[in-house]
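The values are calculated or read from the model by the stated rules, or taken from the named source; none is laboratory data. Since we're looking at a predicted model, the values are computed, not measured. Quick reminder, even Gly has a Cβ in these numbers, built from the backbone with ideal geometry, and neighbours come from all protein chains shown. Note: accessible area is taken over every heavy atom of the protein model, side chains too, but ligands, DNA and RNA are not part of it. Shrake-Rupley method; radii C 1.70, N 1.55, O 1.52, S 1.80 Å.
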Amino acid sequence: MAQLSDRLNRLAPSATLAMSQKSGEMKAQGIDVINMSVGEPDFNTPDHIKDAAKKAVDNNFSRYSPVPGYMDLREAIVAKLKNENGLTYTVNEILVSNGAKQSVCNAVMALVNEGDEVIIPAPYWVSYPQMVKLAGGEPVIVEAGFEQNFKMTPQQLEAAITPKTKMLILCSPSNPTGSVYSKEELEGLAEVIKRHEDLYVIADEIYEHINYIGKHNSIALVPGMKERTIIVNGVSKAYAMTGWRIGYIAAPEWIVKGCNKLQGQYTSGPCSVSQKAAVEAYTASQECVETMRQAFHRRRDLIVKLAKDIPGLEVNVPEGAFYLFPKCSNFFGKSYEGHVINTSTDLAMYLLEVAHVATVAGDAFGDPACFRMSYATSDENICEAMRRIKEALAKLK
C-alpha cells in the first residue's frame with residue numbers, strides 16, 4: 001500500500017489554517033461566522049505599493065529573479081536595518097524568501113542536524129516545532145505561561161540547554177500572545193546564550209512595527225549577539241502584504257550562503273513583482289505603517305476591555321502584534337447542551353458552533369489553558385464577536 005514519507009507523517013497540520021478553513025465552510029453554508037482565527041491585517045495594501053507593482057509589470061519584471069532577491073531590495077533592507085534598528089549589515093548578509101515562513105524554515109533546515117535540540121518557548125507559533133521536526137531536530141518546549149506574561153526567563157533558558165542544543169527560536173512581538181521582550185529581558189537571555197558555544201537564535205521580528213510600548217528591541221543589538229542571530233522579518237504584517245509573500249533573513253554571511261544554497265534548490269528567488277512592491281514599501285513614506293499601528297492599538301484596547309468584562313476569562317494586556325491570548329481553564333469541566341469543555345480545543349469548537357466566532361485553541365500553540373483571538377478586524381466585528389462569546393460562555397455550567 002502506498003504511504004507518505006516518515007518525514008511528512010511526523011508533521012501536524014496547521015491548526016490556524018484548519019480553523020480558518022472550517023469557518024469559511026460555515027460561511028459558505030450561509031452561517032454568519034466572525035473569523036478571529038486568521039493572522040493577517042484586514043487592511044488593503046497601500047496604494048503607492050500597489051502602484052509600484054503595476055509599474056514593475058509594465059516594465060517587464062517577469063523573469064526569474066536572483067535566488068537571494070534583487071539587489072535594490074536587499075539594499076533597501078540593509079538601509080532599513082541601519083536606520084530603524086541601528087544594525088549594520090551588507091547585502092551579502094541578506095536573503096529574501098517567499099515569505100517570512102520560508103525564511104524561518106530555511107534557517108532551521110540550514111543549521112539543524114538530526115538529533116539537534118531547538119529550544120522553543122511556549123506559547124509558540126504553530127509552525128516552529130513542525131519545522132524543527134522536518135529538519136530531524138528535537139523541539140524542546142519551555143513553558144512560559146500566563147502568570148509570567150508568556151515570556152521565558154534566563155533561568156528557564158539555562159535549564160533547558162544541553163550539549164545537543166543548537167538553536168533558540170524567539171518571537172517578539174509574539175504570535176500568539178502579543179508579548180514583547182524588553183531590552184533588559186533580551187540582554188538577560190543573551191548572557192545565557194553567550195555562555196554556550198555554537199548556540200544560535202532565530203529572532204522572528206515579523207510583528208516589529210505593530211508595537212504599543214515604543215521602540216522595537218532586537219536581541220541582535222546586544223553586544224556579541226549579532227554573529228549568533230538570524231533576524232527574520234518581512235512586509236506581510238506592517239504593510240498589509242501577506243499575499244505578496246516577501247520575507248527575509250539578516251544573518252552572518254556563512255549562514256546566508258547556506259540558506260541561499262537551500263533556497264536555490266527548492267524554490268529559487270521570490271516573485272519578481274512582489275519584490276519591486278517591497279522596495280517601495282521600505283523606501284517610501286512610512287505613514288501607512290503608523291496609521292495601521294494606531295488602528296491595531298485602538299482595537300487592542302477595545303478587545304481587552306470587552307474580554308475583561310467576561311466572567312471566567314483571565315486576560316493580560318498584549319504589548320504588540322494583533323492577538324489576544326486569554327486563559328480559559330476556568331471553563332474546563334463545564335458543559336451546555338451536549339457540548340462538554342475539557343480542553344481549549346473543545347472551547348474553540350464550542351465558540352465556533354454556538355457563538356459562530358472562529359478562534360484557535362491554545363493546544364496548537366503549546367498552551368492548552370488559553371486560546372487565541374485575532375483582532376485584525378473591524379471594531380464592529382470585535383464588539384459583536386465579544387458579545388457572542390460572552391453570551392456563549394455564560395451558558396456553560
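So if the hydrodynamic radius of the range 77-189 is defined as the Kirkwood radius over C-alpha pairs, what does Stokes-Einstein give as its diffusion coefficient at 4 °C and 1.567 mPa s, in µm² per second? Value of D from the Cα-based Kirkwood radius: 84 µm²/s. Evaluated on the range 248-323, the Kirkwood hydrodynamic radius is 16.6 Å, with distances taken between all distinct Cα atoms. Dipole magnitude for the range 263-397: about 220 debye, using +1 per Lys or Arg Cβ and -1 per Asp or Glu Cβ, origin at the Cα centre. Among the chymotrypsin sites (Phe, Trp or Tyr not before Pro) found in the range 1-78, those both in a DSSP coil and sparsely packed, with 16 or fewer other Cβ atoms within 10 Å of their Cβ, are F43, Y64.
For the range 256-271, the Karplus equation 6.51 cos²θ - 1.76 cosθ + 1.60, evaluated at θ = phi - 60°, returns couplings of 4, 4, x, 5, 5, 4, 5, 4, x, 9, 10, 9, 6, x, x, 3 Hz by residue, with Gly and Pro reported as x. Specify the inter-centroid distance of the range 1-79 and the range 228-272, based on alpha-carbon positions, in whole Å. Value for the Cα centre distance between the two parts: 14 Å.
Against the criterion of solvent-accessible heavy-atom surface with a 1.4 angstrom probe, R299, R195, R10, R228 sort, most first, into R195, R10, R228, R299. In order along the range 336-349, phi translates into HN-Hα couplings of 7, 6, x, 8, 9, 9, 10, 9, 5, 5, 4, 5, 4, 5 Hz, rounded to whole numbers, per the Karplus curve 6.51 cos²θ - 1.76 cosθ + 1.60 with θ = phi - 60° and x for Gly and Pro. Adding -39500 (n - 2.57) for every DSSP H run of four residues or longer, then dividing by how many residues the chain holds, sets the calculated 222 nm ellipticity at -12000 deg cm²/dmol. The Rg/Rh ratio of the range 143-260, with Rg taken over Cα atoms and Rh as the Kirkwood radius over Cα pairs, comes to 0.96. Using a probe of 1.4 angstrom and keeping all protein chains present, the accessible surface of the range 174-277 works out to 35 square angstrom per residue.
Rg over Rh for the range 254-397 works out to 1.13, using Cα positions for both radii and the Kirkwood form for Rh. Of the GluC sites (Glu not before Pro) in the range 290-343, the ones in a loop by DSSP (not H, G, I, E or B) with at most 15 other beta carbons within 10 Å are E337. Normalised per residue, the accessible area of the range 1-93 is 63 Å², obtained with a 1.4 Å probe and no contribution from ligands, DNA or RNA.
Summarising the strand pairing of the chain, around 45 percent of its internal DSSP beta bridges are antiparallel. Pairs with C-alpha atoms separated by more than 31 Å, drawn from the list K166/K261; K101/K308; K54/K305; K164/K215; K54/K226, are K101/K308; K54/K305; K164/K215; K54/K226.
A simple charge model with +1 on the Cβ of Lys and Arg, -1 on the Cβ of Asp and Glu and nothing else charged puts the dipole of the range 100-223 at about 220 debye relative to its Cα centre.
Positive-end ranking of N59, I34, T45 along the dipole of the range 2-110, with charges on Cβ about the Cα centre, is headed by N59.
Counting only protein heavy atoms and a probe of 1.4 Å, the accessible surface of the range 137-282 is 52% carbon and sulfur.
Computed from the Cα positions only, the extents of the chain along the three principal axes stand at 60, 56, 53 Å, in decreasing order. For T165, the residues whose amide H sits under 5 Å from its own are E117, ignoring neighbours fewer than 5 places away on the same chain, with H placed 1.01 Å from N. Amide hydrogen proximity for V140: with H placed 1.01 Å from N in the peptide plane, the residues at 5 or more positions away or on another chain lying under 5 Å are V118, I119, I120.
Averaged per residue, the range 295-369 has 36 square angstrom of accessible surface, using a 1.4 angstrom probe with ligands and nucleic acids left out. Ligands, DNA and RNA left out, the accessible area of the range 297-397 computed with a 1.4 Å probe is 50% carbon and sulfur. Rounded to the nearest 20 debye, the dipole size of the range 186-278 about its Cα centre is 320 debye, using +1 on the Cβ of Lys and Arg and -1 on the Cβ of Asp and Glu.
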